[in-house]
Amino acid sequence: MEQVQVAVVGSGFGGAIAALRLAEAGRTVRVLEQGPRFTPRDFEQSWSFRAQARLFVTYQSTDFKVFFRYGRGLGGGSLTYAAAMLRTPGACFDYVDATGYHVWPASVTRAVLDPHFAEVERQMSITRASWSDVPRAGGVFATMLDRMGRTCDRTMYPIVDCLQCGFCMTGCRFERKKHLGQNYIPKAEQKGAVFQTGCKVDHVAADGTGYVVHYHDEHHVERALRADLLILGAGALETPAILLRSKDALGELHPQVGRNLNNNGDVALMFELPDSLPAAHSHMGRNNAGVITYAFWDEHRVTIHAGAGPPALFAALDVVRDDGQEPSVPLGLGFKHWLKQRYPDRVLSTLAIGLVDGEGQVTVGNDGLLRFSLPMTDRMRAYLERVAGVGREIALANDAHLLRTAGDSYEHGDAHPLGTCRIGDDADRAPCTPEGELRGHPGLFCVDGSSIPGGTGVNPAHTIAANAERIATWIAANR
C-alpha cells in the first residue's frame, strides 16, 4: 500500500489550495481527483450536452425539483465557474438561523478572512472588471438600477484581457479566465505534490494513527492510499457522501454529517425588457455579466448580479411570467415560440443570492450512491417571496415583466451547495471544529463548500478558497 503524509480528495477551491500549502510546509502530498486533466484545447465552445457532460457532474434531488452541477476535472469548479470572485459581506458572519443558532464560529469573521481573501486575489490575479469589459447584459442591468435610483458595482474577476466569447462555463480555451490549473496546482506540483486524475474515492477508513483512502483508479482498479492526515475537498455533496459510506470503517460519525445543506439562497430572476431599454444580448459576453448590486442588501440580505448564457440553457428552465400572462405554461410550444422571438434581445437573466437556513440533507443509499433533498419549508417560501418582491420592484420601475423559474412551484438555484460538514463552535450542531477538523476523527479535515456553515451573500468560490487558505495554514502549523 502506498503511503504519504497528506492525502487530499478533490482538486477544487478547497483541495488544491490545501495541497499547495501543505506541500510548501514540506509534507508529501497526494491529491486524488475524479475528473481528467484538461488542456486549453480540450475546452469546447459548445453548449451541447456532450460537451457539458465532459465538464460537469449533475445531481438531482430526490423529488426531482432541484439539481446541482459540479465542475469535474483537475481544478474542480474553477474550470466551469462564471468567475465572479467576491468577498463575503461582513453581515453574513452574524447570521442566526431559525433556531437561534449562530452558524459561523466566533473565531471566523470577515476581518479574519480578509488576509486570506487578499492572498487568493494575488494568486489568481483577481481584479475589478472595467466598464469596457462589462457585457451588454451587465450594462442594461446597471441602467435598470440607475432608473430606480439604485447603485451597482463592477464584479471582481480572475479574468485578464477577456475576449467576450461567451463560453466561460465551458472552460476558457484562450486561458484568459484563471483557474486553479494555472496557479495553485502547478505551484503545488513544483513543491512535490502529486495530482492523480481519474480516481473516484469510495470510502475512507481509520487505522489508529491515520487514514486509508479506498478508491478506483482511471482503469477502474481498486487501490488504497494510506496517509497521516486526510483532507476532504470533494464538494458539499460528495464529501459527506464519502463520510457516510465510511461509517463502519471510521467508527462513530457525527450525526450532523450530511445535514444543513444550504443552496446559498440562489434564485434565478429574469426580466422581459420593454423596447425603451437597449437590447440585452444575454447570449453574448461573459457568463457573469460584470455587475452586482448590493442595493437591496441592508433591507433584504440579497445581492443580485446579471448573467448571460445560451438560449438552449434558458429554454430548459421552467420559466413563467410572474403576472400569469404568456409564457404561463413552461416548456410548452407557446414558450418555445416566445423564446425564439424574445430571448436574443428582450430577456435579461439575473441571479439573486441571499441568506437562508441550511434545511436540506445528503444521504447515501444501500447502493452507495448519494442522494439529496432540499425541502420547501415555510421559511424558504417566505425567502423566495421576499426575493420575488425585489424582482417585482425592479420590473415595475422599468416597465419590464418579471419572469420566474417556478416549475412545480420551486425556484432553487443549482450552483452553490454549502454546509453539509459545517464548521462551528457548538459540538452538537457542527460536525467540524472552526479549524475544519471532523469531530471525533483527529487529522481528518473538510476544506470545501461542505465546511462553509452558512450563506455567503455572493458567489461562494472566493469564500471557500479563503477558508481553505485559513484551514491549511492552521494544519501546517499545528498537525
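The values are calculated or read from the model by the stated rules, or taken from the named source; none is laboratory data. As the structure is a prediction and not an experimental result, all values here were calculated from the model. Backbone-built Cβ (ideal geometry, glycine too); neighbour counts: all protein chains shown.
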What's the number of the only condition in (1) surrounded by fewer than 24 Cβ atoms within 10 Å (Cβ to Cβ); (2) assigned by TED's automatic domain parsing to the domain that holds Leu230; (3) in contact (Cβ under 8 Å) with a residue 40 or more places away in the chain that Ala427 fails to meet? (3)
For segment 211-270, please list each of the strands (runs of 3 or more DSSP E) lying entirely inside it that holds at least 3 residues being assigned by TED's automatic domain parsing to the domain that holds Ile471 and of a type in the set (A, V, I, L, M). 222-232
Residue check for Ala51: of a type outside the set (Lys, Arg), in a helix (DSSP H, G or I), in contact with a helix residue (DSSP H, G or I) (Cβ under 8 Å, 6 or more places away or on another chain) and closer than 19 Å to Val204 by Cα: no
I'd like to check something: does segment 285-296 contain any residue that is assigned to a loop (DSSP other than H, G, I, E, B), crowded, with 22+ Cβ neighbours inside 10 Å, within 17 Å of the chain's Cα centre (by Cα) and in contact (Cβ under 8 Å) with a residue 40 or more places away in the chain? yes
Taking segment 133-154 as the region of interest, how many residues are of a type in the set (D, E, K, R) and either assigned to a loop (DSSP other than H, G, I, E, B) or farther than 18 Å from Ala84 by Cβ (or both)? 3
Sole residue being closer than 23 Å to Cys432 by Cβ and of a type outside the set (Phe, Trp, Tyr), chosen from Gly35, Gly73, Gly90: Gly90
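Tell me yes or no: at least one residue of segment 219-227 is surrounded by 24 or more Cβ atoms within 10 Å (Cβ to Cβ) and either out of contact with any Phe, Trp or Tyr (no Cβ under 8 Å at 6 or more places or on another chain) or charged (D, E, K, R) (or both).
no
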Can you tell me which condition Gln5 does not meet? The list is (1) more than 20 Å from the chain's Cα centre (by Cα); (2) surrounded by 15 or more Cβ atoms within 10 Å (Cβ to Cβ); (3) on the phi > 0 side of the Ramachandran plot, and all the others hold. (3)
Can you pull out the residues in segment 344-373 that are of a type outside the set (A, V, I, L, M, F, W, C), closer than 24 Å to Val257 by Cα and surrounded by 22 or more Cβ atoms within 10 Å (Cβ to Cβ)? Gly354, Asp357, Gly358, Gly360
How do the pairs read when you match residues in segment 172-185 that are modelled with pLDDT of 95 or more with residues anywhere that are part of a helix (DSSP H, G or I) and β-branched (Val, Ile, Thr), using Cβ under 8 Å and keeping only pairs 6 or more apart or on different chains? Leu180/Ile17; Tyr184/Ile17
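Residue-wise test of (1) surrounded by 15 or more Cβ atoms within 10 Å (Cβ to Cβ); (2) at pLDDT 90 or above; (3) under 30 Å from Met284 (Cβ atoms).
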{"residue": "Ile17", "(1), (2), (3)": "yes, yes, no"}
{"residue": "Leu20", "(1), (2), (3)": "yes, yes, no"}
{"residue": "Glu24", "(1), (2), (3)": "yes, yes, no"}
{"residue": "Glu33", "(1), (2), (3)": "yes, yes, no"}
{"residue": "Thr39", "(1), (2), (3)": "no, yes, yes"}
{"residue": "Arg50", "(1), (2), (3)": "no, no, yes"}
{"residue": "Arg54", "(1), (2), (3)": "yes, no, yes"}
Would segment 118-131 turn up any residue that is farther than 30 Å from Asp275 by Cα, free of Cβ contacts under 8 Å to residues at least 24 places away in the same chain and of a type in the set (A, V, I, L, M, F, W, C)? yes
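If we keep just the residues of segment 113-150 that are aromatic (Phe, Trp, Tyr) and either over 16 Å from Ala395 (Cβ atoms) or surrounded by fewer than 21 Cβ atoms within 10 Å (Cβ to Cβ) (or both), which is modelled with the lowest pLDDT?
Trp131
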When segment 188-222 is examined, which residues are found to be of a type in the set (Ser, Thr, Tyr) and free of Cβ contacts under 8 Å to residues at least 24 places away in the same chain? Thr209
Evaluation of Gly166 against (1) part of a loop (DSSP other than H, G, I, E, B); (2) over 29 Å from Leu237 (Cβ atoms); (3) not aromatic (Phe, Trp, Tyr); (4) not assigned by TED's automatic domain parsing to the domain that holds Leu229 (one fails), failing number: (2)
Are any residues in segment 107-132 part of a helix (DSSP H, G or I) and more than 20 Å from the chain's Cα centre (by Cα), and if so, which ones? Ala111, Val112, Pro115, Arg122, Trp131, Ser132
Here are some residues: Leu333, Leu273, Leu277, Leu317. Which one is of a type in the set (A, V, I, L, M) and within 22 Å of the chain's Cα centre (by Cα)? Leu317
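So that you can scan it fast, the table gives a plain yes or no per residue for (1) touching an Asp or Glu at 6+ places or on another chain (Cβ under 6 Å); (2) at pLDDT below 95; (3) among the small types (Gly, Ala, Ser):
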position	(1), (2), (3)
Ala406	no, yes, yes
His412	no, yes, no
Pro442	no, no, no
His462	no, no, no
Tally up the residues in segment 360-404 that are of a type in the set (Asp, Glu), touching a residue at least 12 places away in the same chain (Cβ under 8 Å) and within 20 Å of Ala268 (Cβ to Cβ), please. 1
Result of the Cβ filter at 8 Å on segment 223-237, keeping first residues that are farther than 20 Å from His416 by Cα and partners that are of a type in the set (Asp, Glu) and assigned to a loop (DSSP other than H, G, I, E, B), at least 6 apart or interchain, is Arg223/Asp217; Arg226/Asp207
Here is a check on your reading of the model: is Leu396 assigned to a strand (DSSP E or B), at pLDDT 85 or above and not assigned by TED's automatic domain parsing to the domain that holds Pro240? no
